[in-house]
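> My questions all concern the structure below.
The values are calculated or read from the model by the stated rules, or taken from the named source; none is laboratory data. All values reported here derive from a predicted model rather than from experimental measurement. Cβ placement follows ideal geometry from the backbone for every residue including glycine, while neighbour counts extend to all protein chains displayed.
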Amino acid sequence: MAVRKEFLGRGWAFPFQFDPATGKVALSEYEENIRQNITVILGTRPGERQMRPEFGCKIHDLLFAPNTRSTAHMVARHVKEALGHFERRIEVSDVQARIDPSGSVRVEVVYKIISTGAVDSAVHVVSNTQSR
């Protein structure tokens, strides 16, 4: 018996592309659509979307902040707030932000898909923070 997942949604694939088989805009669906939407939310600076200026994540405000535990903590807080506000299909259970000597902050998000109870994770790297 096939599991029906239409209720999880579908949308344009990220990054935007065309499906080589059909020539139409490529789509992502279900769990993959949720993962891609997380990437879009975290990769968008508030103010970038003309019709939705509040959309995105404030981690970009920390782009040149010192690469410290305090900055990593603020990154984690901004990620949790943005996903809680803009991705209603999930419940964020944990966000870990770790500083990296390269000047990046590695963010791991653990979340539960509300409608199915499935637990998944996503990793996002925030680059260009200053080293201590």
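> If residue 126 passes every condition in (1) in contact with an Asp or Glu (Cβ under 8 Å, 6 or more places away or on another chain); (2) β-branched (Val, Ile, Thr); (3) over 12 Å from residue 34 (Cβ atoms); (4) touching a residue at least 40 places away in the same chain (Cβ under 8 Å) but one, which one does it miss?
Of (1) in contact with an Asp or Glu (Cβ under 8 Å, 6 or more places away or on another chain); (2) β-branched (Val, Ile, Thr); (3) over 12 Å from residue 34 (Cβ atoms); (4) touching a residue at least 40 places away in the same chain (Cβ under 8 Å), only one is false for residue 126: (1).
> So which residues in segment 1-57 are part of a loop (DSSP other than H, G, I, E, B) and small (Gly, Ala, Ser), if there are any at all?
Quick first cut of segment 1-57, residues part of a loop (DSSP other than H, G, I, E, B) only: 1-5, 9, 13-17, 19-24, 26, 30, 44-57.
Matches in segment 1-57: 2, 9, 13, 21, 23, 26, 47, 56.
> Just to be sure I understand, how many residues within segment 37-59 are in contact (Cβ under 8 Å) with a residue 24 or more places away in the chain and either out of contact with any Cys (no Cβ under 9 Å at 6 or more places or on another chain) or polar (S, T, N, Q) (or both)? Let's see the steps before the verdict.
Step one: of segment 37-59, the residues in contact (Cβ under 8 Å) with a residue 24 or more places away in the chain are 37-43, 55-59.
Keeping just the survivors that are either out of contact with any Cys (no Cβ under 9 Å at 6 or more places or on another chain) or polar (S, T, N, Q) (or both) gives 37-40, 55-59.
Of the residues in segment 37-59, 9 are in contact (Cβ under 8 Å) with a residue 24 or more places away in the chain and either out of contact with any Cys (no Cβ under 9 Å at 6 or more places or on another chain) or polar (S, T, N, Q) (or both).
> Whether any residue in segment 84-104 is of a type in the set (Asp, Glu), part of a loop (DSSP other than H, G, I, E, B) and modelled with pLDDT under 95 is what I want to check.
yes
> If the Cβ limit is 6 Å and pairs must be 6+ apart or interchain, which residue in segment 96-117 that is closer than 20 Å to residue 81 by Cα pairs with which residue that is acidic (Asp, Glu) and part of a loop (DSSP other than H, G, I, E, B)?
Close Cβ pairs (under 6 Å, with a partner that is acidic (Asp, Glu) and part of a loop (DSSP other than H, G, I, E, B)) amount to 106/100.
> Name the single residue, out of those in segment 1-52 being acidic (Asp, Glu) and more than 20 Å from residue 92 (Cβ to Cβ), that is surrounded by the fewest Cβ atoms within 10 Å (Cβ to Cβ).
Among them, the one singled out is 6.
> Of the numbered conditions (1) under 21 Å from residue 126 (Cα atoms); (2) over 11 Å from the mean Cα position of the chain (by Cα), residue 44 fails exactly one; give the number of that condition.
Against the list (1) under 21 Å from residue 126 (Cα atoms); (2) over 11 Å from the mean Cα position of the chain (by Cα), residue 44 comes up short only on (2).
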